[in-house]
Structure formats: structure tokens, C-alpha cells
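Here's the structure we're looking at; comments come further down.
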Amino acid sequence: MPRLTAEKLQAQLAQNTLVPVYLLTGDDAYRKNLIIQKIRGIAFPDDFNYYAAEADKADWGEALALANTAPVFSNVRMVVLTGIEKIRKDPKEALLRYLENPLSSTILVLTHNDSKKMKTEKALTEACSLAGVTADFAELKKEELNVWTREKMREKGLKADFDAVDILCESVGGELSALENEMEKLYLYALDRQDKTITKEDVLACIGFSKEENPFELSNAITSCSKARAVQLVDKLLDDGEEPVGVLSKMTFPILKMARIKRMADAGMAPSDILRAAGLMYWENRLVGSARSFPPQKNFVNALNRIIDADSALKSSSGSDPKILLKGILLTLFAGR
């Protein structure tokens, strides 16, 4: 069977059909664990017919012997071995021998958690694909992450506007278990509301920020070319005790984003192509639309040179004033405005 996406495997399992072998690859441990639970729910082995262990700590002789043994007073046995990227040569060879003729009454589930190493595991991938299913669970990025988050919120009976989902994903990142925890907090936060719509203010409150402390306000000021507001926010962040290196980081990302958009717009690329090439969310098309009002490319080059100098100065004991360094970057970027 060919290598499946996580979504296609989900659809396959929704039909309550199982195969003897599953190899789950990729960096997203959270969704792989959910799939293992789903498979167990369909197979429904009792405790006598269920074995699970971390691959590098497992007794492989016992694990493969169980996989080769018919279930006891049951129709199915399930064996789960996680993190098989850590196993040595001998157990791997034993595993490959088992995969040549897996027992049909056993469901063997393997997880491989090292994407780089997986590229060299051709024999394992081919053996698992012939014996059953290989599915990849790459870490969700950008739009996929937002779509996943929106769907999970919908499952909890919550609605969320685009800004709320964007801020939640940007703040928490791609760790799905952490996102799940934050969504549970939002569910409890809105429990007594008739309207279950989650706003960006709700998200900021639940993750520990007030409305006035929106962690993306500086980024928004830069991408909207609001020089005065960006300078004011740099002053405020530093006065409130934020580390200068942290403020520099908050400035660098939106400046690089603007530079990419400006370069592609100047090259005559279509807005839809810019959205895709720059890795933007679809509601960020406002940035593409306003690219003509961005500073000229020479301003970006000069600002990026000042970012490099500021990073070096802030990480050394140069004695430079952080406010002068950071506001100097903004004044260089928006020179002539």
C-alpha cells in the first residue's frame, strides 16, 4: 500500500478497517498518539492481548514473539512499539523478518520520530508498506495549524475569529498538546457565555496577556508601516522590562516578511502566488495589497544591516543604548516617511 497522509489514514480508519502493520512517521507525536488510540478503539484488544513499550527499552524477543502468537480468547492482539528510530541492528533485522510475513490476527503499530533518519530507512518503509500502512505525521505549519485549531475549537462548541486563531497559534506554536490545553482553558473561560465566540482579547487573557499587552502589536505596527506607533511600542516594551534582544527578535521577523513580499511584488508576481511563496495565511492578503506602500528595497537592506549590528552590540558589553539601537532600525527602515 502506498505511503498515506495523516488525513487519508484518518479516513481509512473511519471505515473501521484495519491492517496488520502500521508505521507512523513524522514529528507530530500528538496526532500519532491519537491514531494509536483510534486503532486500539477499533481493534479493542483486552489487557491480555495488548502490549506497548518504547522501542529502545522493549524486550524485542518478547515483543515479536507476542506479535507472532495468536490472541488469547480474543480475535486480535495489538503490539505497539514507539520510537523505533532508536533500535539497534539486531532487533531491526528481526523486525524486518517479521514484516515479511506478519500474523493477520496481530495489529503491529510502530512509530518513527526522526524525520531526517527516516529518509534512510528505505527497507523499513517498503516492508511496512507491503505488510500494511505507512503514514506520515509531519508537524503542522501555518495554515494547516490554524485549520486544525479551528476544527478542534468547533468540536468544543467554540467559534473563533481569524485574529483569535492566529494569535493562539503564534503564541503557543505547533505543539498540539499545548494548543489543546490552551483551547480547554478557552472553553472554561467561555463556559458561562451564551455566545461562544472567542476573540483575540479572550486568547490574550487566557495566555497571560492583557489587551494592551498584545505580543503582536509591534509586528502589526511594522507591517502596516506605522513608524510612530512602532517607535512608541519599542519604548514601552523596554520600559516595561522586556529584554532588548527579545524586542529585536519581534522586530526582525515582520521586517523580513515585508522584505520578501516587497521583493516579489516588485518582480510582478500575482498576489495569490505571493501568498503561497511567502508562506502567508490567506487573510494576510492585506500585506500583499499594501506592498506598494512598503519602503524601497534599499531601506530593507540598510535596516537588516543595522539589525545585524544591533544583535552583535546587544549580545556584547558594548554599552550601547538599546533604545537608540532598536529605534535606529525603525528610523532606517522608514527613512523618508
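The values are calculated or read from the model by the stated rules, or taken from the named source; none is laboratory data. For clarity, every value in this text was computed on a predicted model and none was experimentally measured. FYI the Cβ positions are ideal-geometry reconstructions off the backbone, even for glycines, and counts take in every protein chain you see. The accessibility values were calculated without ligands, DNA or RNA, using every heavy atom of the protein model including side chains. Shrake-Rupley method; radii C 1.70, N 1.55, O 1.52, S 1.80 Å.
Pairs from the list 236/262; 89/122; 57/89 with a Cα-Cα gap above 26 Å: 236/262. Sequence-distant contacts, meaning Cα pairs under 8 Å at least 6 residues apart, place the relative contact order of the range 16-80 at 36 percent.
Assign unit charges at the C-beta atoms only (+1 for Lys and Arg, -1 for Asp and Glu), then state the dipole size of the range 94-159 relative to its Cα centre in Debye, rounded to the nearest 20. Can you show the working numbers first?
Details: 12 positive and 10 negative charges, 70 e Å.
I would put it at about 340 debye.
Dipole orientation for the range 30-70: of the candidates 69, 34, 53, 34 has the Cα lying most toward the positive pole (charges on Cβ; Lys, Arg +1; Asp, Glu -1). The Cα atoms of the range 94-235 define a convex hull whose projected area, averaged across directions, is 13.2 nm².
State in Å² the accessible area per residue of the chain; use a 1.4 Å probe, count heavy atoms of protein chains only, and round to the nearest integer.
Values: 17610 Å² over 337 residues.
Counting only protein heavy atoms, the per-residue value for the chain is 52 Å².
Based on DSSP H segments of at least four residues, each scored -39500 (n - 2.57), the chain has a per-residue ellipticity at 222 nm of -17000 deg cm²/dmol. Considering every alpha-carbon pair of the range 160-201, the percent of pairs per 10 Å bin, from zero through the bin containing the longest distance, is 29, 57, 14.
Percent of accessible area on the range 168-299 owned by carbon and sulfur, 1.4 Å probe? Please report the intermediate quantities before stating the final value.
Values: 3470 of 6730 Å².
The value for the range 168-299 is 52 percent carbon and sulfur by accessible area.
The residue among 216, 234, 265 whose Cα reaches farthest toward the positive pole of the charge dipole of the range 183-337, with charges on the beta-carbon of Lys, Arg, Asp and Glu, is 265. Inter-part distance, the range 1-68 to the range 254-274, computed on C-alpha centroids, equals 43 Å.
Pairwise inverse Cα distances across the range 269-326, averaged and inverted, put the Kirkwood hydrodynamic radius at 13.9 Å.
Suppose every Lys and Arg Cβ carries +1 and every Asp and Glu Cβ carries -1, with no other charges. What dipole size does the range 31-178 come out with about its Cα centre, to the nearest 20 debye?
Numbers: 22 positive and 24 negative charges, 33 e Å.
The calculation lands at about 160 debye.
Per the Cα gyration tensor, the range 58-159 maps to an equivalent ellipsoid with semi-axes of 31, 20, 11 Å, ordered largest to smallest.
With the radius of gyration and the Kirkwood radius both derived from the Cα set of the range 1-119, what is their ratio Rg to Rh? My calculation of the ratio gives 0.93. Over the C-alpha atoms of the chain, the Rg to Rh ratio, Rh being the Kirkwood estimate, stands at 1.09.
With R₀ fixed at 25 Å, the C-beta to C-beta distance from residue 3 to residue 116 puts the FRET efficiency at about 0.90. The C-alpha atoms of the chain define a longest principal axis, and helix 297-314 lies at about 80 degrees to it.
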